[in-house]
Structures are given as structure tokens and as C-alpha cells.
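**Q** Input: one structure, supplied below.
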Amino acid sequence: MAESTSEAGQVSVAAEGAAGAEGKATVPVPGAAAGGPISHAIFRLARLHRMFAGQLLRRIGLHPGQELVMMHLWELGPQRQIDLVRLLDSDAATMTRTVRRLEQAGFVRRRPSPTDKRASLIEPTAASHALRQEVERVWSQLEELSAAGFSDAERADALATLERLEHNLVRAGAQSAEPGT
């Protein structure tokens, strides 16, 4: 994978399997996935998006997912770890590793909860507040890379489609969690 940075600070990556200039996937859809072309496209898109996010975030000392934890802490203030797990639809082990790494980097600290002696609160540090502007810049850059060439209407349509796909999967997950299904 070749990476270069333009004078404007834009990241350009030639990734194996990236969509070609005409917008068609260069990764062939395996025959076994022929019944799920949208699902295969989502897989490819998510993989590329995470790759670009990782490259951009690495420059500011974060890994994908850590910035989401920080965004919520900046927005909501100190949170219990279990609340972060629920908020980000994560699992406890992943969140424990994420918080530990953020703590080691100096971006969060733990303090005892004033209302629950068994819990601690995760709070952003002053060092993390300096990072906020960089995270916002990275997310804006990732948005521009992802939606390059889209009109405002196309961006709105893409967002509506993605939200509908998410809604469908959330609904399917809730139905499969119901007894007797």
C-alpha cells in the first residue's frame, strides 16, 4: 500500500481492493457472496474506511475507536466505564483495553465515583482537550475523503441510506433477541 500526503495535508493511499475511478469495486465479489452484494459492499467500505481512519488517527496518537470514546467524554463529561460500553455498543473487555491505552497515553484518568463506591469515573484530561481540535480535523478530513465529489443532495441521500441500513439491522437484532424468534 502506497501512501502520500499532498501540500494541503490530504492523505492519498493506493489500497489493494479500493474502488476504481469508475466507482466499481476492484475486489471481485466471490460467488458465495453473490446473494448479498450490498453486504459485501458494506464490508469493503467499512474495511477501507477503518484503514483510512487508522492512518489519520495514528498521526495524532490514537487508534480507531479511541476517538469515539474521547468524543463522548468531551461531550458528556466523566462517565462510568459500563456507561461507555452501553453508549458505544461495545463489550467490556474492548472498553477496558481502550480506556487503559487512553490512560497510558495521558488522555483520560480514573477517579472514584462520588455516588457508587464500587465504580470509577473515566474523565478526559487537559491533554485530551488539546487533542479535540485534531480529532475534529481528522473526522472532517475522513468525511471529505469518503464523500469526495458528492453534491450536498448526494451526501444527504447517502446518509439517509446508511441510517436506513443501520435501522434495519438494529430492528433485526431486536427481533432476534425476542423470546421465541
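**Q** Rounded to the nearest Å, what's the spacing between the alpha carbon centres of segment 24-68 and segment 142-181? Just the number, please.
**A** 15 Å
**Q** Consider just the alpha-carbon atoms of segment 47-181 and return their Rg together with their Dmax, both in angstrom.
**A** Reported Rg and Dmax, both Å: 17.5, 52.
**Q** Another question, if that's okay. How much length, in nm to one decimal, is gained on full extension between Ser146 and Arg58, taken as 0.36 nm per residue of separation minus their Cα-Cα distance?
**A** So the chain would gain 29.9 nm between Ser146 and Arg58.
**Q** I need the fraction of alpha carbon pairs in segment 17-124 separated by more than 20 Å, rounded to a whole percent.
**A** 53 percent
**Q** Okay, next question. Assign unit charges at the C-beta atoms only (+1 for Lys and Arg, -1 for Asp and Glu), then state the dipole size of segment 26-181 relative to its Cα centre in Debye, rounded to the nearest 20.
**A** Computed charge dipole of segment 26-181: roughly 780 debye.
**Q** Any chance you could list the semi-axes, whole Å, largest first, of the equivalent ellipsoid that the Cα gyration tensor gives for segment 105-144, using √(5λ)? Please list the in-between numbers first.
**A** Numbers: eigenvalues 175, 23, 8 Å².
Rounded to whole Å, the semi-axes are 30, 11, 6.
**Q** Could you give me D for segment 111-181, from Stokes-Einstein at 10 °C and 1.306 mPa s, where the hydrodynamic radius is the Kirkwood radius over C-alpha pairs? Units µm² s⁻¹, please.
**A** Values: Rh = 16.7 Å.
D, rounded to a whole number, is 95 µm²/s.
We did not get these values from a lab; they are worked out from the coordinates using the rules stated. Here the structure is a predicted model, which means the values were calculated and not measured. FYI the Cβ positions are ideal-geometry reconstructions off the backbone, even for glycines, and counts take in every protein chain you see.
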